[in-house]
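Have a look at the structure below before the remarks.
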Amino acid sequence: MKNKLVELACIIDDDDIYINLIKRIIETKKLCENLIVFKNGKQSLDYFEALLQNLDYDKIPDIILIDLNMPIMDGWEFIEQFTKIKNRFNKAITLYVVSSSINPVDIDRAKSLNSIKDYLVKPVKIDQLETIFNASA
Amino acid sequence: MLCLGHKRINIHLSSTMVQVKVPPIPIDSNIGYVELKNNDIYFSKALLSHIGKSAKNKQITLDYFINTLIHKDDSNQFRNNYYSYIKNNLPFRQSMLILCKKGKYKEFVCTTNQNNINLNNTTSKFLFFNKRKLKTNKRINKHKFYYKETAEMTSAGSWYVDFVKRRSFWDQQARRILEYPEDYKPSINNAALYYPKEEFQRARRLFYKCSIGKPFDTEIKMLTKNNREFWVRAKGKPVFNDQKEIIGIRGVFQDIDVTKSKELSLQRTSNIIASQNKRLFNFAYIVSHNLRSHTSNLSLIVELMNAAKSNEEKLELMSSIEDITSSLNDTIEHLNEVVTIQTSANENRSPVTFSESLEHVKTSIGQIISKHRTTILSDFSEVDAIDYIPAYLESILLNLITNAIKYKHPQRDPIIKIGSYVENSRTVLEITDNGIGIDLEKFGGKLFGMYNTFHYNKDAVGIGLFITKNQVEALNGHIDVFSEVEKFTTFKITF
């Protein structure tokens, strides 16, 4: 199992502290080769739209962890926009929502969307992260 | 007592007989009247003969007259009129049914003054009873009875404005509801007396439109003679003659003060509940998203610390804890602000001048203003002060000014125009900047939401406008925003 790693993971979150902690877990547990981070939905959507112009498979993440509550473009809007274009990447991209919201409205809404694999409530556990990264490896 | 040689009739209210010397009174013996003097009540012969009693009949006391001879539908009103006349000298005019010969009721009009009689020389008080000349037949009487009952039970008065005779008519119930005396003659020229100031223009418009053919059905506040405001439902319709010309307006109004007041207070309560509920939602939102994100980071750190292999690693993690606690503090402060809006909204308002508040704000953020070369132009000449919570006004100005500076246009120095004026009899404060503006179609719905930021701006927190909106609304005002991207943003606060 350890010989195969997730090539590229993507985190979309505006919380610097959270990002640093996740980075640390990923590094110490060696969960993936590379990691890209965006501070809000708009930044990441711009990235994916640019990728569509020039498909470079190394730059397409296998897994996306997205927060819901972010400035400029929140998680919901990103998910909606991303769902429209994700089939054009010719690669399975697994989308997880990772949010501190325990509001049942948010959770139900996320679970009702096919494009979302699962809803993780912060704080995420180290072994939780291991499980989802291994599933995509 | 002597009445021009006619026989004297004494009817005693008290058991003691009071013999009074009375000056001659020039009253026609054919007129039915009652003289009231020193607690005694004297019936004229004409009146006695109408009711089939003789002068010797001494059982006619006031109680007997009111309770037995006057029809029960009229007796209460008569009793009230009678005592206000005796005690307070309030004249009145009332029509009533009185039991006459052979057990039949006949209609009389009772008045306190008779123009053709000079009563200046007497110390007595008189009530005159004139028989209704027009005999209303039974059928009409019956209808009238039902109409009266209906009007009374529904507290509905009716009125008519006659354009031809240039006169206005109110029915008995209308006068009673508006607390005018029985003989009051309404006039369209006095219409301003019948409505509170703020409603009069609307009433006038409704009447005018009705006079050119448009009926109305509305709820409006009216004013009684004693200056009591109350709600009525008013309906009016034009009256046409055979030539299809409008010759008047007829209408009814119903006293709905009790239900309307309940409705209004229910509406107020519901508004309060709605806004408190909104704040509660915001509270829950902050707790769910923001407090939780800090605590979840803390939990994550603890987990990492437990997994850490070296002390250096642990020490590194310690520094993150510092960051988290400071963000946690900020969030709790925000939570506190949201709660404070709720509690201080109950504080007393006091007169605040706009220019003074603005000066305070300018002093407190003088550095920011000069650092960004900000020009603030203000004009409070139209309205210079309002009754408000001073701290709120300053907070509102502070938030909107710093907002304008924060989102200034990169190519120009910020110019902020602040002005006040009156619109629909409410004070309005307007703040316009020349900043980057905001796409309202995209973000309008979220602009005043908590922790919603829309620009790539490092110090955007998303709390200022949220607090401002809540402060304004806590004091029953509202805030609107107009903007054009790259050009300007205007915040309009209606107090």
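Can you give me the number of residues within the stretch B:277-317 that are within 13 Å of chain A (Cβ to nearest Cβ), aliphatic (A, V, I, L, M) and without any contact (Cβ under 8 Å) to a residue 24 or more places away in the chain?
Matching residues across the stretch B:277-317 total 9.
Of the residues B:LEU99, B:LEU90, only one is open to solvent by 30 Å² or more (accessible area, probe 1.4 Å) and at pLDDT 85 or above; which? First the steps, then the outcome.
Working: B:LEU90 fails: at pLDDT 85 or above.
Just a single option satisfies the conditions, and that option is B:LEU99.
Can you spot a residue in the stretch B:273-290 that is open to solvent by 80 Å² or more (accessible area, probe 1.4 Å) and within 30 Å of B:PHE200 (Cα to Cα)?
No, the stretch B:273-290 contains no residue that is open to solvent by 80 Å² or more (accessible area, probe 1.4 Å) and within 30 Å of B:PHE200 (Cα to Cα).
Might you let me know whether the stretch B:321-329 holds any residue that is surrounded by fewer than 14 Cβ atoms within 10 Å (Cβ to Cβ) and either at the interface with chain A (Cβ under 8 Å from one of its Cβ atoms) or not in a helix (DSSP H, G or I) (or both)?
The answer is no, given that none of the residues of the stretch B:321-329 is surrounded by fewer than 14 Cβ atoms within 10 Å (Cβ to Cβ) and either at the interface with chain A (Cβ under 8 Å from one of its Cβ atoms) or not in a helix (DSSP H, G or I) (or both).
So, of the residues in the stretch B:352-368 that are at pLDDT 85 or above and either more than 44 Å from the chain's Cα centre (by Cα) or of a type in the set (D, E, K, R) (or both), which turns out to be most open to solvent (accessible area, probe 1.4 Å)?
For the stretch B:352-368, the residue satisfying everything is B:GLU356.
Can B:ILE341 be described as more than 30 Å from B:LEU206 (Cβ to Cβ), in contact (Cβ under 8 Å) with a residue 12 or more places away in the chain and not polar (S, T, N, Q)?
On the way: more than 30 Å from B:LEU206 (Cβ to Cβ): yes; in contact (Cβ under 8 Å) with a residue 12 or more places away in the chain: yes; not polar (S, T, N, Q): yes.
Yes, satisfied.
Yes/no matrix, rows are residues, columns are (1) under 27 Å from B:ASN76 (Cβ atoms); (2) of a type outside the set (Lys, Arg); (3) touching a residue at least 24 places away in the same chain (Cβ under 8 Å); (4) exposed (fewer than 14 other Cβ atoms within 10 Å of the Cβ):
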position: B:ARG166; (1), (2), (3), (4): no, no, no, yes
position: B:GLN172; (1), (2), (3), (4): yes, yes, yes, no
position: B:ARG176; (1), (2), (3), (4): yes, no, no, no
position: B:LYS185; (1), (2), (3), (4): yes, no, no, yes
position: B:ASN189; (1), (2), (3), (4): no, yes, no, yes
position: B:LEU206; (1), (2), (3), (4): no, yes, yes, no
position: B:CYS210; (1), (2), (3), (4): no, yes, yes, no
position: B:VAL232; (1), (2), (3), (4): yes, yes, yes, no
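Determine, yes or no, whether B:ARG268 is surrounded by 11 or more Cβ atoms within 10 Å (Cβ to Cβ) and within 28 Å of B:GLU152 (Cα to Cα).
Numbers: surrounded by 11 or more Cβ atoms within 10 Å (Cβ to Cβ): yes; within 28 Å of B:GLU152 (Cα to Cα): no.
Spelling it out, it is not the case that B:ARG268 is surrounded by 11 or more Cβ atoms within 10 Å (Cβ to Cβ) and within 28 Å of B:GLU152 (Cα to Cα).
Which count do you get for residues in the stretch B:407-442 that are buried (at least 16 other Cβ atoms within 10 Å of the Cβ) and part of a strand (DSSP E or B)?
13
Sort out which residues of the stretch A:1-51 are among the basic types (Lys, Arg) and more than 12 Å from chain B (Cβ to nearest Cβ), and write them in order of number.
Answer for the stretch A:1-51, where residues must be among the basic types (Lys, Arg) and more than 12 Å from chain B (Cβ to nearest Cβ): A:LYS2, A:LYS4, A:LYS30.
Within the stretch B:380-402, can you find the residues that are over 15 Å from B:THR494 (Cα atoms) and surrounded by 13 or more Cβ atoms within 10 Å (Cβ to Cβ)? Spell out the reasoning first.
Narrowing the stretch B:380-402 to residues over 15 Å from B:THR494 (Cα atoms): B:381, B:390-391, B:394-395, B:398-399, B:401-402.
Passing the criteria: B:PRO390, B:ALA391, B:GLU394, B:SER395, B:LEU398, B:ASN399, B:ILE401, B:THR402.
The values are calculated or read from the model by the stated rules, or taken from the named source; none is laboratory data. Predicted model, so just to flag it, every value in this text is computed and none were measured. In this analysis, Cβ positions are derived from the backbone assuming ideal geometry, glycine residues included, and neighbour counts consider all displayed protein chains. These area figures cover heavy atoms from the full protein model, side chains too; ligands, DNA and RNA do not enter into them. Shrake-Rupley method; radii C 1.70, N 1.55, O 1.52, S 1.80 Å.
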